[in-house]
1. Out of 71, 66, report the one residue that is out of contact with any helix residue (DSSP H, G or I) (no Cβ under 8 Å at 6 or more places or on another chain), of a type outside the set (Val, Ile, Thr) and in a helix (DSSP H, G or I).
2. If residue 108 satisfies all but one of (1) of a type in the set (S, T, N, Q); (2) more than 26 Å from residue 29 (Cβ to Cβ); (3) modelled with pLDDT of 95 or more, what's the number of the condition it fails?
3. Within the range 57-74, can you find the residues that are under 17 Å from the mean Cα position of the chain (by Cα) and of a type outside the set (Phe, Trp, Tyr)?
4. Restricting to the range 186-208, name every residue that is of a type outside the set (A, V, I, L, M), surrounded by 16 or more Cβ atoms within 10 Å (Cβ to Cβ) and over 25 Å from residue 161 (Cβ atoms).
5. Mind listing just one residue for me: the one in the range 30-67 that is among the charged types (D, E, K, R) and surrounded by fewer than 18 Cβ atoms within 10 Å (Cβ to Cβ) and, of those, nearest to residue 111 (Cα to Cα)?
6. Right, residue 139: closer than 17 Å to residue 108 by Cα and either surrounded by fewer than 16 Cβ atoms within 10 Å (Cβ to Cβ) or among the acidic types (Asp, Glu) (or both) or not?
7. For the range 152-163, indicate whether the set of residues that are part of a helix (DSSP H, G or I), farther than 24 Å from residue 28 by Cα and in contact with a His (Cβ under 9 Å, 6 or more places away or on another chain) is non-empty.
8. Applying the selection to the range 166-185, what residues are within 21 Å of residue 121 (Cα to Cα), surrounded by 14 or more Cβ atoms within 10 Å (Cβ to Cβ) and either over 18 Å from the mean Cα position of the chain (by Cα) or at pLDDT 95 or above (or both)?
Amino acid sequence: MEIAVYGHYGFALLMLPTAAADFLEYERFQMLDVIRPQIDAGKVKVFSINSINSESWLNNDMAPHHKAIRHQSFNHYVYTEVVPFIKSHTSPETPIITTGASLGATHSANLFFKRPDLINGTIAMSGVYDLTSYTKGFYNEDVYFNSPVHYLPNLDDNHFLPMLQGGRHIHLVTGSGNYEDPEASKQLSGILNAKGIPHELDVWGHDMSHDWPTWRAMLPYYLDSRF
């Protein structure tokens, strides 16, 4: 599994690809160009990883149960390989913020909410946080525990919930234009409010469609104004 690294200093920004894309997607679509000032200034060090979505929920030739197993394998890879890799290339104290657009936002938020002891926040852009949107009716324990709108309402422990309630970088950003689903971000925001988890919901205008120009506007704005 390849990892692209950009920059030298700053907090770690872990980028999750959209749909079936790869670790160079953000470079190809000029996202790295628009956040180059923050990288060059030492504000952020970027780590961009591969997805395995084409081997899980987006693979129409795969049995749903096997898709779920692959998804869990991806989570395990991030927590046990990517996070230590980031720490070894920064420091043990360096915060890690996940980010992604579309399905990348779903993964970014889910990876953070499941392990706030390893990941310090998320900038989730244009996401849908109900994993059943991608599972074509399949639902089991693996789906439940990777679908934030399902497991977060029932989160009631003395370990992870206080971490989330203690204040983290949680930014749910969405447009209102073509193919955007602002109601999905509003739904997750309502759940976070009910659990007493501080966060920011930011709904942009109808001129912001589900596409790269929107995300190239969102991410540098958040890196500049919130970090």
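The values are calculated or read from the model by the stated rules, or taken from the named source; none is laboratory data. The structure displayed is predicted, hence computed values, not measured ones. Using ideal geometry, Cβ is built from the backbone for each residue, glycine included, and neighbour counts are taken over all protein chains shown.
1. Selected residue: 66, the only one of 71, 66 that is out of contact with any helix residue (DSSP H, G or I) (no Cβ under 8 Å at 6 or more places or on another chain), of a type outside the set (Val, Ile, Thr) and in a helix (DSSP H, G or I).
2. It is condition (2) that residue 108 fails.
3. Scanning the range 57-74 gives 71, 72, 73.
4. Residue satisfying the conditions is 204 alone.
5. 55
6. So residue 139 fails the test.
7. Checked the range 152-163: no residue is part of a helix (DSSP H, G or I), farther than 24 Å from residue 28 by Cα and in contact with a His (Cβ under 9 Å, 6 or more places away or on another chain).
8. Selection gives 169, 170, 171, 172, 173, 174, 175, 182, 184, 185.
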